[in-house]
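Here the structure is laid out as structure tokens; the discussion comes afterwards.
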Protein chains: 2
Amino acid sequence: MTLFIKIGGGEGISLSPILTELASLIRADPALRVVLVHGGSHETNVLSEKLGRPPRTITSPSGHTSRRTDRDTLDIFTMVYCGRINKSIVEHLQREGVNAVGLSGIDSAIWRGTRKSAIRAIEEGRTVIIRDDLSGTVDAVDADFLNLLMDTGRVPVLTPPAITEDGIAINVDADRAAARTAAALGADELLLLSNVRGVLRNPDDPSSLITHASAANIDDVRAAAGGRMKNKVLAAEEAMTGVGGTPVSRVVIGAANGDNPIARARAGSGTVFTSSAHAGAAH
Amino acid sequence: MTLFIKIGGGEGISLSPILTELASLIRADPALRVVLVHGGSHETNVLSEKLGRPPRTITSPSGHTSRRTDRDTLDIFTMVYCGRINKSIVEHLQREGVNAVGLSGIDSAIWRGTRKSAIRAIEEGRTVIIRDDLSGTVDAVDADFLNLLMDTGRVPVLTPPAITEDGIAINVDADRAAARTAAALGADELLLLSNVRGVLRNPDDPSSLITHASAANIDDVRAAAGGRMKNKVLAAEEAMTGVGGTPVSRVVIGAANGDNPIARARAGSGTVFTSSAHAGAAH
């Protein structure tokens, strides 16, 4: 059984309880194979502000948002994602007896990707082309290395950036990178946990949660997802189709906070993606 | 053949040329096993200043200096060492075809250490005891993991912090951690490269370089080493005695800058520590 968990880096996510839950799961079932992927967007914004370089966002014509990543931004990004957050997660897991190994996508070129050479973006109502952004997507995963770590009882803790064929570090969406990696590893289950409960029809109304997603209602789910949730839905779909590997049979977009968020997500709390025809709308 | 290189993090060290030299060495001899350890003290000082937390130094009664490391300092330290510098080294090596893997001593608990529970320090001429410092020394090395990486064609790029048995990240001296790791791996050669040419009798006179160190003149060498050089000499001695492993037969304290610094150090430029009786003073 390979459990793949992505924990978001948005504002208000408390890492400590979820890491403690993860550690107790692993202690209870040493045969459980786990990969953890994390983000770090909020803390990157905080450090960027402190260093006098306020974060900037790119909005695509279709409404996807991403971080404007020049070289200075990537340096700050790397300090937060690979330094502060990655190592604080590893420290916590080690303290609880889990042999965690913190890595970025550039280490062993775990995440090999392609830089976007031209990004269409909406700025002040106009479409512009950005050519110098250090961002892109993951094309290939070094699954052998991740399996080697898990085969020797280690838990990989992975975070962006990825690296291009030319050896340039690039910012990649951590949800989609997680999805691709879960497929490459043949993971059984992918949990995308963040500071939202799942896909909501109305972002201001928690009761508008879409509890199930499948082929039958995927257009509705896509239409309901705005902002960063768009990437999570795309990631869930890519994992379900098995882009770059084997289809993941179950993906849950759920909450990282609260009691036992991993157990709750595995029990179906959040938006559950399945390939079966059994799908429902908001309860 | 295992070559162990530590590159300092002092002011004025240019990483790019030495990494290019290392990559060409590895391409020329794929059987060469390499571990790289790096510091990051200068960039940590720069970021600390920018964040309004100027670095503080502890001076021991015997004159050893170290960074005063509270939790905030360790966070900044981790961002610079494990984030910015570690990943920029890995990115550079990957770009040149070397399958580098960047790790800290807390990952897989590669460097297990002991926190100093009470540090005697000189402050304004008085001896004080500091009890809350997050610093210590490395007691044990996960050599199996480092060998696993090298056996599979990977180059570990290692940096502090280390981690205690209780799972607390601690700042450790990277020279001494490198020495211990070189001994644990049975490395043939350890190069401690930094922004100085070697041990100088007079820090202001490059011609006062002590070119050889052995049992015959080690007291002179110790006496000549001031400031951060004290730790390098101690590290060299620990590697030569094989603390925590096998004695390293050759240690060189030399320059990280200039043309081909690795080749020059291996050829004997700097202060060469050998266990033979053949030792000389300044040339």
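The values are calculated or read from the model by the stated rules, or taken from the named source; none is laboratory data. Since this is a predicted model, take the numbers as computed values, not measurements. Virtual Cβ from ideal backbone geometry, glycine too; neighbours counted across all protein chains shown.
Structure above, values below:
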{"item": "Subset tally (residues that are part of a strand (DSSP E or B) and more than 9 Å from chain A (Cβ to nearest Cβ)) for region B:148-163", "result": "5"}
{"item": "Test result for A:A179, buried (at least 16 other Cβ atoms within 10 Å of the Cβ), farther than 30 Å from A:R95 by Cβ and either modelled with pLDDT of 95 or more or away from chain B (no Cβ under 14 Å) (or both)", "result": "no"}
{"item": "In region A:28-59, the residues that are assigned to a strand (DSSP E or B) and touching a helix residue (DSSP H, G or I) at 6+ places or on another chain (Cβ under 9 Å)", "result": "A:R33, A:V34, A:V35, A:L36, A:V37, A:H38"}
{"item": "Any hit, region A:27-38, residues being farther than 20 Å from A:R266 by Cβ and at pLDDT 95 or above", "result": "no"}
{"item": "Test: residue in region B:129-144 that is within 8 Å of chain A (Cβ to nearest Cβ), on the phi < 0 side of the Ramachandran plot and either in contact (Cβ under 8 Å) with a residue 12 or more places away in the chain or crowded, with 23+ Cβ neighbours inside 10 Å (or both)", "result": "no"}
{"item": "Filter result (surrounded by 16 or more Cβ atoms within 10 Å (Cβ to Cβ) and either touching a helix residue (DSSP H, G or I) at 6+ places or on another chain (Cβ under 7 Å) or closer than 23 Å to A:V37 by Cβ (or both)) within region A:193-217", "result": "A:L193, A:S194, A:N195, A:V196, A:R197, A:G198, A:V199, A:L200, A:R201, A:I210, A:A213"}
{"item": "Residue under evaluation B:I85, criteria (1) buried (at least 24 other Cβ atoms within 10 Å of the Cβ); (2) away from chain A (no Cβ under 14 Å); (3) of a type in the set (A, V, I, L, M), criterion not met", "result": "(2)"}
{"item": "Region B:140-163: number of residues that are over 20 Å from B:Q94 (Cα atoms) and under 19 Å from the mean Cα position of the chain (by Cα)", "result": "8"}
{"item": "Criterion: within 14 Å of another protein chain (Cβ to nearest Cβ), in contact with an Asp or Glu (Cβ under 8 Å, 6 or more places away or on another chain) and touching a residue at least 24 places away in the same chain (Cβ under 8 Å) - qualifying residue of B:L74, B:L47, B:L51, B:L19", "result": "B:L19"}
{"item": "Flag for A:V157 being touching a Gly at 6+ places or on another chain (Cβ under 6 Å) and among the aliphatic types (A, V, I, L, M)", "result": "yes"}
{"item": "Only listed residue being of a type in the set (A, V, I, L, M, F, W, C), over 16 Å from B:I76 (Cα atoms) and within 8 Å of chain B (Cβ to nearest Cβ), chosen from A:V34, A:V90, A:V80", "result": "A:V90"}
{"item": "Checking B:R197 against (1) within 22 Å of B:T241 (Cβ to Cβ); (2) under 18 Å from the mean Cα position of the chain (by Cα); (3) of a type in the set (D, E, K, R), the condition it does not meet", "result": "(1)"}
{"item": "Some residue of region B:62-71 being in a helix (DSSP H, G or I) and within 14 Å of chain A (Cβ to nearest Cβ)", "result": "yes"}
{"item": "Top-ranked residue in region B:57-74 [being within 20 Å of the chain's Cα centre (by Cα) and among the charged types (D, E, K, R); ranked as farthest from B:M229 (Cα to Cα)]", "result": "B:R68"}
{"item": "Considering residues of region A:93-123 that are among the charged types (D, E, K, R) and facing another protein chain (nearest Cβ under 9 Å) only, the residue surrounded by the most Cβ atoms within 10 Å (Cβ to Cβ)", "result": "A:D107"}
{"item": "Positions within region B:167-193 being under 21 Å from A:G83 (Cα atoms) and touching a residue at least 12 places away in the same chain (Cβ under 8 Å), in sequence order", "result": "B:I168, B:A169, B:I170, B:N171, B:V172, B:D173, B:A174, B:D175, B:A177, B:A178"}
{"item": "Any hit, region A:85-105, residues being touching a Pro at 6+ places or on another chain (Cβ under 6 Å) and assigned to a loop (DSSP other than H, G, I, E, B)", "result": "yes"}
